[in-house]
């Protein structure tokens, strides 16, 4: 199948960069033209992705770099922590990497977050490139410069904003992605419709079967539109002072589910999918949208294969976990709610409404 490479631009003045989307872009040397001329390229990946793609990326990079090193980390959200981050620093120091080193994040959201965080810290900053290999990373976590590790008390609580030089999103990498991971990525695709583009939401309702079947044209369209929406939001609000918070639709409930169960028990996208259903119900109870629109969101989440019932952690535990969400103010959780089809905003919500939604979906 011949598909052209799609380009989406993130406009951030001197930190602007391109997202390349399409089949085969990972292995093409021209995908990496124009990057800083460093002596060394360092690929950070994990034990699952490395055997599949590390050699292919290294071969493409050798056209531009004299030395290519691969760092393999353990796989999974449970390893998005200080010990794994220090594995990166240990390898960089052992190889005497200098400030001209360019790092490449080859993997999903965990690898992208940790590589970006390490790049911001090593020698006070070296450049990095995102090469996302999961649907979730291609449509969300690789774009926008958020980097972090988890803390036992909260997800993504320790990190920095650090924009990549480029994002190279190759849809061919999705061919080997486990179906559960593909489905988890669809949660981050689905969120863009209710928060920013109701026409895209309708397109997803019509094409969810094609996405689940990994139709490349459908995937390229979904990735491009997701990146266009995120690019527009990030360009207006890079550091989440206001508008960018809408990208966290479903995440306040979702992060509580992840932390409450233990990171890795539910995949991030699974928790976000369920969280969107809960946040849509909260939007109804706040009088913002009609029940029928919330029902459509729940139906699409369910059709994607994502959970629509939350684990029974208890109301008090949910409230405690949501109190350490990054959108909280003085320990009071705020929620991204749908204000109208294709529009969202950040709201403080009475505790009794939140508790009622938690009980409805988890008991």
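Centre-to-centre separation between the Cα atoms of region 246-311 and those of region 73-95: 31 Å. Between residue 217 and residue 352, the FRET efficiency from the beta-carbon distance, with R0 = 41 Å, is close to 0.30.
Between residue 96 and residue 232, the modelled label-to-label distance comes to 5.1 nm, taking each label 7 Å out from Cα in the direction of the beta carbon. Computed from the Cα positions only, the extents of region 267-313 along the three principal axes stand at 30, 25, 15 Å, in decreasing order.
Here residue 286 and residue 3 are evaluated by their C-beta separation; at R0 = 41 Å the FRET efficiency comes out at 0.45. Answer rounded, prolate or oblate for region 96-179, using the Cα gyration tensor with square roots of eigenvalues a ≥ b ≥ c: rounded when a/c is under 1.5, else prolate when a/b is larger than b/c, else oblate. Note, shape of region 96-179 comes out oblate. Computed as a quarter of the hull surface, the mean projected area of the alpha carbon convex hull for the chain stands at 16.3 nm².
Across all directions, the average flat footprint of the convex hull enclosing the Cα atoms of region 179-362 is 9.5 nm². Under the rule a/c < 1.5 gives rounded, and otherwise a/b versus b/c splits prolate from oblate, where does region 6-176 land using the Cα gyration tensor? Taking the square roots of the gyration eigenvalues as a ≥ b ≥ c, region 6-176 is rounded.
Between helix 179-190 and the chain there is an angle of about 70 degrees, using the helix long axis and the longest principal axis of the Cα atoms. Here the Gaussian network model covers the chain, with springs between Cα atoms less than 10 Å apart; of 115, 47, 147, 47 fluctuates the most. A crude spin-label estimate for the pair residue 124 and residue 340, with each label 7 Å from Cα along the Cβ direction, gives 4.9 nm.
Note on the chain: with a GNM built from Cα contacts shorter than 10 Å, the maximum mean-square fluctuation among 165, 135, 337 falls on 165. The GNM of the chain, with springs linking C-alpha atoms under 10 angstrom apart, assigns the highest mean-square fluctuation among 18, 316, 170 to 316. Legend: calculated FRET efficiency, residue 295 to residue 18, from the Cβ-Cβ distance at R0 = 51 Å, rounded to 0.05, equals 0.85. A straight chain from residue 67 to residue 203 at 0.36 nm per residue would run longer than the Cα-Cα distance by 44.5 nm. Using a cutoff of 8 angstrom between alpha carbon atoms and counting only pairs six or more residues apart, the relative contact order for region 6-176 works out to 26 percent. Here each label is just a point 7 Å from Cα along the line to Cβ, and for residue 243 and residue 303 those points are 3.0 nm apart. With the helix formula -39500 (n - 2.57) applied to DSSP H stretches of n ≥ 4, the chain reaches a computed 222 nm mean residue ellipticity of -12500 deg cm²/dmol. Relative to the longest principal axis of the Cα atoms of the chain, the long axis of helix 82-94 lies at roughly 10 degrees. Based on the alpha-carbon gyration tensor of region 131-225 and its eigenvalue square roots a ≥ b ≥ c, which shape applies: rounded if a/c is under 1.5, prolate if not and a/b is larger than b/c, or oblate? Prolate, since a/c reaches 1.5 and a/b exceeds b/c. Between helix 251-261 and the chain, what is the angle of the helix's C-alpha long axis to the longest principal axis, kept within 0 to 90° and rounded to the nearest 10? That helix lies at roughly 80 degrees to the long axis. Sorting 206, 270, 188 from the fewest to the most surrounding beta carbons within 10 angstrom yields 206, 270, 188.
Just so you know, all these numbers are worked out from the coordinates, no wet-lab data involved. Note that this is a predicted model, so its numbers are computed, not measured. Using ideal geometry, Cβ is built from the backbone for each residue, glycine included, and neighbour counts are taken over all protein chains shown.
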